[in-house]
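These notes concern the structure reproduced below.
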Amino acid sequence: MTLHIRTFEWGDWDAVAGLWEAAGSSVLPRAEVEGTLGRTPELFLVAVDANGVVAGVVLGTYDGRRGFILRLAVDPGRRRQGIGRELVAALETRLRALGCPRINLFVLPDNPSGLRFWQSMGYLPVPDVVHTKPL
Ligand SMILES: CC(C)(COP(=O)(O)OP(=O)(O)OC[C@H]1O[C@@H](n2cnc3c(N)ncnc32)[C@H](O)[C@@H]1OP(=O)(O)O)[C@@H](O)C(=O)NCCC(=O)NCCS
């Protein structure tokens, strides 16, 4: 089935939340998406099929120095059909257009399909140690 990659619209929210839940990701608070993450709305993308069903989602950010990708998820029944690849390729095109020279992302070590996917897209592990502190 033909898929169309387009910018997220708020009417997609319930479908996007469902995709994140099905992928085992927490659903980002709507206020967070509307606020900081919404500064570059063109980096929030969905893959929509010919029936208007949202089959995949990815959220990108750009802070002026680095791009960041988070919350990539494809409908579990529609994986290995190239949807993830198309979403990330479209996001890379949009980040490049903003002047972004490099993209970072996190993958959990217990996510073998995620690790294989990102490697297939040319994203390589770096030895940096992630540091974090709750405020
Ligand atoms: C990771 C994920 C987004 C991939 O989406 P997808 O649409 O199935 O991926 P694609 O079909 O575009 O796969 C592209 C390539 O990635 C690799 N790949 C994807 N899934 C894979 C898997 N389960 N095992 C091995 N390689 C895999 C393959 O090289 C694949 O190319 P091929 O099918 O021609 O061999 C999807 O599995 C998913 O939603 N997972 C749960 C959420 C998640 O882990 N997100 C990423 C967190 S960082």
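Considering the conditions (1) over 25 Å from G11 (Cβ atoms); (2) in contact with a helix residue (DSSP H, G or I) (Cβ under 7 Å, 6 or more places away or on another chain); (3) assigned to a helix (DSSP H, G or I), L91 is excluded by exactly one of them, (1). Of the residues making up region 31-55, those that are open to solvent by 30 Å² or more (accessible area, probe 1.4 Å), of a type in the set (A, V, I, L, M, F, W, C) and not in a helix (DSSP H, G or I) are A50, V53.
Is one or more of the residues making up region 5-20 over 21 Å from V107 (Cβ atoms), in contact (Cβ under 8 Å) with a residue 60 or more places away in the chain, more than 8 Å from the ligand (Cβ to nearest atom) and open to solvent by 10 Å² or more (accessible area, probe 1.4 Å)?
Yes, region 5-20 contains a residue that is over 21 Å from V107 (Cβ atoms), in contact (Cβ under 8 Å) with a residue 60 or more places away in the chain, more than 8 Å from the ligand (Cβ to nearest atom) and open to solvent by 10 Å² or more (accessible area, probe 1.4 Å).
Scan region 111-135 for residues that are surrounded by 10 or more Cβ atoms within 10 Å (Cβ to Cβ) and β-branched (V, I, T) and jot them down. Listed by number, the list is empty, since nothing qualifies. Scanning region 36-64 for residues that are of a type in the set (D, E, K, R) and in contact (Cβ under 8 Å) with a residue 24 or more places away in the chain, we see that the one that is nearest to the ligand (Cβ to nearest atom) is D49.
Restricting region 65-98 to residues that are basic (K, R) and on the phi < 0 side of the Ramachandran plot, which is farthest from the ligand (Cβ to nearest atom)?
That would be R65.
Could you list all residues from region 103-123 that are part of a loop (DSSP other than H, G, I, E, B) and either in contact with a strand residue (DSSP E or B) (Cβ under 8 Å, 6 or more places away or on another chain) or closer than 19 Å to R65 by Cβ (or both)? Once the filter is applied, which keeps residues that are part of a loop (DSSP other than H, G, I, E, B) and either in contact with a strand residue (DSSP E or B) (Cβ under 8 Å, 6 or more places away or on another chain) or closer than 19 Å to R65 by Cβ (or both), region 103-123 yields F106, Y123. Restricting T2, T93 to residues that are surrounded by fewer than 20 Cβ atoms within 10 Å (Cβ to Cβ) and at pLDDT below 95 narrows the list to T2. Being farther than 21 Å from A23 by Cβ and touching a residue at least 24 places away in the same chain (Cβ under 8 Å) is the filter here; which residues of region 112-129 pass it? Answer for region 112-129, where residues must be farther than 21 Å from A23 by Cβ and touching a residue at least 24 places away in the same chain (Cβ under 8 Å): there is none. The one condition from (1) modelled with pLDDT of 95 or more; (2) open to solvent by 90 Å² or more (accessible area, probe 1.4 Å); (3) of a type outside the set (S, T, Y) that L108 does not meet is (1). Select from region 109-122 the residues that are touching a helix residue (DSSP H, G or I) at 6+ places or on another chain (Cβ under 9 Å) and more than 6 Å from the ligand (Cβ to nearest atom) and list them in ascending order. Within region 109-122, P109, W118, M121 qualify.
The values are calculated or read from the model by the stated rules, or taken from the named source; none is laboratory data. Treat the numbers as computed from the prediction; the structure is a model and nothing was measured. No Cβ is skipped: glycine too gets one built from the backbone with ideal geometry, and neighbour counts run over all protein chains shown. Quick note on the areas: whole protein, heavy atoms, side chains included, nothing else; ligands and nucleic acids left out. Shrake-Rupley method; radii C 1.70, N 1.55, O 1.52, S 1.80 Å.
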